[in-house]
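Engineer: What follows is a structure written as structure tokens; I'll ask about it next.
The values are calculated or read from the model by the stated rules, or taken from the named source; none is laboratory data. It should be emphasised that the depicted structure is a prediction, and the values quoted were computed from it without experimental measurement. Don't worry about glycine lacking a Cβ; one is built from the backbone with ideal geometry, like all the others, and counts go over all protein chains shown. All accessible areas refer to the heavy atoms of the entire protein, side chains included, with ligands and DNA or RNA removed. Shrake-Rupley method; radii C 1.70, N 1.55, O 1.52, S 1.80 Å.
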Amino acid sequence: MDKEELQSHLQARYKDIKKPELKAVIRIQDEILSALRDHLRSVGFIEILAPIIGPVTDPGIRGASQVSFDYYGTQFKIMSSMILYKQMAGNSFDKVFALSPNIRLEPEVTRETGRHLSEFRQLDLEIANASYFDAMTIGEQMVTKVVERVKINCADDLEALHRDLKIPKPPFKKVTHNDAIELLMKKGFQLNKGEEIPWSAETALSKSFGDFLWLIDYPKTARGFYDREDEDRPGILRDFDLFYPEGYGKAISGGEREYEYEKVAGRILSSGELPEAYKWYLQMLKEGTTPSAGFGIGVERLTRYICGKEYIWEAVPFPKVPGIVSP
Ligand code: ASN
């Protein structure tokens, strides 16, 4: 569908939502949401309420724009993710999660990826005193549990969508960012080792592996200031992304957090941002913050994968697609 067709299609969402296909997707999404919450509670997490506005938000959003507005004379942001707040909560609770809307005004080219929305919901979690390997274990168990539950409780809806869903088998394979770049270059992609992997190459990676795949150890230049640099391997971050199989692309993004004031302040400066904007956050780190690790998983992407949908706007009741004006 071209832009005009998609826009008029999505303007009439009140028609789509009555169709059996979208109703099946929304029922499956309901099961996904309760499976995520049930599983996390069963392994000791508590759910906290996330803010949706604040003086500063997640800067690590890969070319998307943040939304700013006037808040009683001060510039405020709509959350692009609540990452800084879950680090704050990690000072009080060992395992927390929050499920909240995020706004990222993605460039219009991302319509072609089939997996970008400008408004999406992310389940963000954080674990105090954990390593990135601990966080990956939580992530793969969580995804596996969700798939198992949907297969049992939504068998009819999956069948109606003609989705033959395989139950993942953790532990998932881990490949370093460096090795993934070499692998993709052999496949003919022109890539740079210090950068994020382009979306088309991510899709190829997700297609070439028969199962879920962790990419670990991203270069410092590719990520936000909050992912922790490995002390023994300067320039390498203790972080990860999880990729869905079948070309569905990125599922999870996370890592260990940088929690030492001096390091974070230096990284904010070298990324060209103003430390002044992160005043409360830097003050919190200065006074001592619990080391932690965590990740975020996009709920619509998880729904898209589970339902086997080509476009992410088919996996959300009221989609906001980059560049498209819709209800
Ligand atoms: N939620 C992600 C994390 O925990 C960050 C993000 O959304 N950019 O690392």
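Engineer: Of these, ILE306, ILE297, ILE252, which one is in contact with a Phe, Trp or Tyr (Cβ under 9 Å, 6 or more places away or on another chain) and within 21 Å of PHE209 (Cβ to Cβ)?
Structural biologist: ILE252
Engineer: Quick one: SER253 ticks every box in (1) within 16 Å of the ligand (Cβ to nearest atom); (2) over 23 Å from ILE138 (Cβ atoms); (3) among the polar types (S, T, N, Q) except a single one, so which number is it?
Structural biologist: (2)
Engineer: Are there any pairs, at least 6 apart or on different chains, whose C-beta atoms fall under 8 Å, with the first in region 246-260 and farther than 11 Å from SER292 by Cα and of a type in the set (Lys, Arg) and the second within 14 Å of the ligand (Cβ to nearest atom) and open to solvent by 10 Å² or more (accessible area, probe 1.4 Å), and if so, which?
Structural biologist: Every condition considered, the pairs that remain are LYS250/ARG301.
Engineer: If you don't mind, another one. On the basis of being surrounded by 14 or more Cβ atoms within 10 Å (Cβ to Cβ), in contact (Cβ under 8 Å) with a residue 40 or more places away in the chain and closer than 17 Å to GLY298 by Cβ, does ARG13 make the cut?
Structural biologist: no
Engineer: Would you check which residues across region 43-97 are closer than 20 Å to LEU117 by Cα, in a strand (DSSP E or B) and in contact (Cβ under 8 Å) with a residue 24 or more places away in the chain and list them?
Structural biologist: Once the filter is applied, which keeps residues that are closer than 20 Å to LEU117 by Cα, in a strand (DSSP E or B) and in contact (Cβ under 8 Å) with a residue 24 or more places away in the chain, region 43-97 yields ILE53, SER65, LYS77, ILE78.
Engineer: Which ones in region 292-305 are closer than 21 Å to ARG13 by Cβ and either more than 14 Å from the chain's Cα centre (by Cα) or away from the ligand (no atom under 16 Å from the Cβ) (or both)?
Structural biologist: Scanning region 292-305 gives THR303, ARG304.
Engineer: So is ARG37 on the phi < 0 side of the Ramachandran plot and among the basic types (Lys, Arg) or not?
Structural biologist: In short, yes.
Engineer: Still on this structure, please answer the following. Mind checking which residues of region 127-165 are farther than 18 Å from LEU33 by Cβ, without any contact (Cβ under 8 Å) to a residue 24 or more places away in the chain and under 22 Å from the mean Cα position of the chain (by Cα)?
Structural biologist: PHE133
Engineer: Next question, about the same structure. Somewhere in region 63-71, is a residue of a type in the set (Val, Ile, Thr), under 30 Å from LEU282 (Cα atoms) and open to solvent by less than 50 Å² (accessible area, probe 1.4 Å)?
Structural biologist: Yes, there is a match, as at least one residue in region 63-71 is of a type in the set (Val, Ile, Thr), under 30 Å from LEU282 (Cα atoms) and open to solvent by less than 50 Å² (accessible area, probe 1.4 Å).
Engineer: Could we say that GLY254 is part of a strand (DSSP E or B), open to solvent by less than 70 Å² (accessible area, probe 1.4 Å) and closer than 30 Å to PRO168 by Cα here?
Structural biologist: Criteria met by GLY254.
Engineer: Can you confirm whether GLY54 is within 16 Å of the ligand (Cβ to nearest atom), small (Gly, Ala, Ser) and in contact with a Gly (Cβ under 8 Å, 6 or more places away or on another chain)?
Structural biologist: no
Engineer: How about region 210-239: which of its residues are surrounded by fewer than 18 Cβ atoms within 10 Å (Cβ to Cβ) and assigned to a loop (DSSP other than H, G, I, E, B)?
Structural biologist: Within region 210-239, GLY210, ASP211, ASP230, GLU231, ASP232, ARG233, PRO234, GLY235 meet the criteria.
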